[in-house]
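First the structure, in the form of structure tokens, and then the observations on it.
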Amino acid sequence: MARITAGIGSSHIPLLGVASDFDKTGEDYWRDCFAGYDWTKGWVAQQRPDVVILVYNDHASAFDMRIIPTFAIGCGERFRPADEGWGPRAVPDVIGHPDLAWHIAQCLVLDEFDMTIINEMDVDHGLTVPLSMMFGKPDAWPCRIIPLAVNVVTYPPPTGNRCWLLGEAIARAVESFPEDINVQIWGTGGMSHQLQGPRAGLINKAWDNRFLDDLSADPQRLRRIPHIEYLRETGSEGIEMVMWLIMRGALGPDVRQLHRHYHVPASNTAVGHIVLEKLT
Ligand code: DHB
Ligand code: FE
């Protein structure tokens with residue numbers, strides 16, 4: 001039986017990818033930010049997940065105003081890094097797990113979550129930056145990755161509660177997959193940030209840290225945070241954090257926080273990440 005053993009939440013700021021790709025991680029601006037991921041890199045290497053279900057959002061790379069899937073699952077064999085305007089990142093291709101991905105797609109649709117099934121797409125910084133932060137710069141990513149894309153770019157994004165329920169359904173789907181494999185689920189994006197307009201650069205440390213606290217202390221509160229609160233308190237792009245609730249919903253009621261890191265500044269965004277172990 002496949003099992004979800006742990007979850008990670010992490011920012012996906014594109015500049016982190018640039019710092020990694022161009023070996024700038026030791027520079028003053030980046031040192032502390034990247035050091036916060038050292039523990040997690042060691043832990044992931046020890047855990048050796050067979051598959052990561054990587055919940056992320058596309059930023060008008062694979063999807064645009066022509067097609068806006070609320071929830072999409074990548075069922076293909078391979079996904080290439082997207083060209084986001086300056087050529088694709090020089091990072092390995094993402095190797096999918098079509099058998100598990102199709103199984104999850106089937107279970108979710110029968111469980112009344114109508115997923116969009118994607119067999120071909122390129123993956124942008126939303127997916128590749130967290131891989132760099134957890135795995136560094138290997139020649140090939142050390143596990144299979146199932147991309148799970150969420151629309152948080154064009155209104156209306158899904159509610160936090162809907163994301164949580166999807167996470168619970170993903171956990172049920174994984175548990176009914178007959179192979180004995182170790183699966184992690186990562187939720188990416190955030191934390192507080194606004195990239196445009198008069199409030200560009202907005203960071204809300206108090207709000208972000210309460211969100212991180214409550215992933216283990218009071219996750220039920222997080223399910224009920226309305227869109228308008230994300231917008232008001234965490235800026236126009238803070239809504240990316242609903243994707244962390246898919247990860248959290250998939251871990252079940254009891255988790256233990258193994259590691260946590262919060263750092264400002266990085267580009268225009270508060271960098272946060274957390275590692276949660278599933279207990280029951
Ligand atoms: C930045 C952060 C993001 O989440 C993103 O998708 C694009 C840019 C930034 O802080 O620069
Ligand atoms: Fe983003």
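Thinking of the range 191-247 as a set of Cα atoms, what percent of all their pairs are more than 16 Å apart?
Beyond 16 Å sits 37 percent of the P(r) for the range 191-247.
Sort Arg221, Arg248 by Cβ crowding within 10 Å, fewest neighbours at the top.
On the way: Arg221 13, Arg248 27.
In order of increasing Cβ crowding within 10 Å: Arg221, Arg248.
Using every Cα-Cα pair within the chain, state what percent have a distance larger than 29 Å.
24
Give me Met134, Met121 sorted ascending by neighbouring Cβ count inside 10 Å, so fewest comes first.
Met121, Met134
Can you put Val123, Val174 in order of Cβ neighbours within 10 angstrom, beginning with the fewest?
Result, fewest neighbours first: Val174, Val123.
Using alpha-carbon positions, what is the distance between the centroids of the range 57-127 and the range 132-204, in Å?
Between the Cα centres of the range 57-127 and the range 132-204 lies a distance of 11 Å.
What percent do you get for the relative contact order of the range 1-138 when only Cα pairs under 8 Å and 6+ apart count? Show your work: numbers first, answer last.
Working: 148 pairs, mean separation 51.2, N = 138.
Value for the range 1-138: 37 percent.
Report relative contact order for the chain in percent, whole number only (criteria: Cα-Cα under 8 Å, sequence separation at least 6).
Details: 623 pairs, mean separation 88.6, N = 280.
Answer for the chain is 32 percent.
With a cut-off of 8 Å between alpha carbons and a minimum separation of six or more residues, what is the relative contact order of the range 58-166 in percent?
Normalised by residue count, the contact order of the range 58-166 is 39 percent.
Report the net charge of residues surrounding Pro81, where surrounding means a beta-carbon distance below 12 angstrom and charges are Lys +1, Arg +1, Asp -1, Glu -1.
Numbers: positive: Arg78, Arg80, Arg89; negative: Asp21, Asp83, Glu84, Asp93, Asp122, Asp124.
Net charge in that neighbourhood comes out at -3.
Quick check: Cα centre of the range 218-239 to Cα centre of the range 5-23, how many Å?
What the calculation gives is 22 Å, centre to centre.
Where Lys and Arg each count +1 and Asp and Glu each count -1, what net charge lies around Phe135 among other residues with Cβ under 12 Å from its Cβ? Don't skip to the answer; put the middle values down first.
Values: positive: Lys41, Arg48, Lys137; negative: Asp139.
Result for the neighbourhood of Phe135: +2.
At 222 nm, what value in deg cm²/dmol follows for the chain if DSSP H runs of at least 4 each add -39500 (n - 2.57) and the sum is divided by all its residues, to the nearest 500?
Value at 222 nm, helices only, nearest 500: -10500 deg cm²/dmol.
Quote the FRET efficiency, to the nearest 0.05, computed for Asp83 versus Lys24 with a Förster distance R0 of 25 Å and r equal to the Cβ-Cβ distance.
Details: r = 21 Å, r/R0 = 0.85.
The calculated FRET efficiency here is 0.75.
Taking the simple approach of a point 7 Å from Cα along Cα-to-Cβ for both Arg31 and Ala90, what is their distance in nm?
It is 2.6 nm.
All of the numbers you see were taken from the coordinates with simple rules; none came from a lab. The model shown is predicted, which means the values in this text are computed figures rather than measured ones. For neighbour counting, all protein chains shown are included, and Cβ atoms are generated from backbone atoms with ideal geometry for every residue, glycine included.
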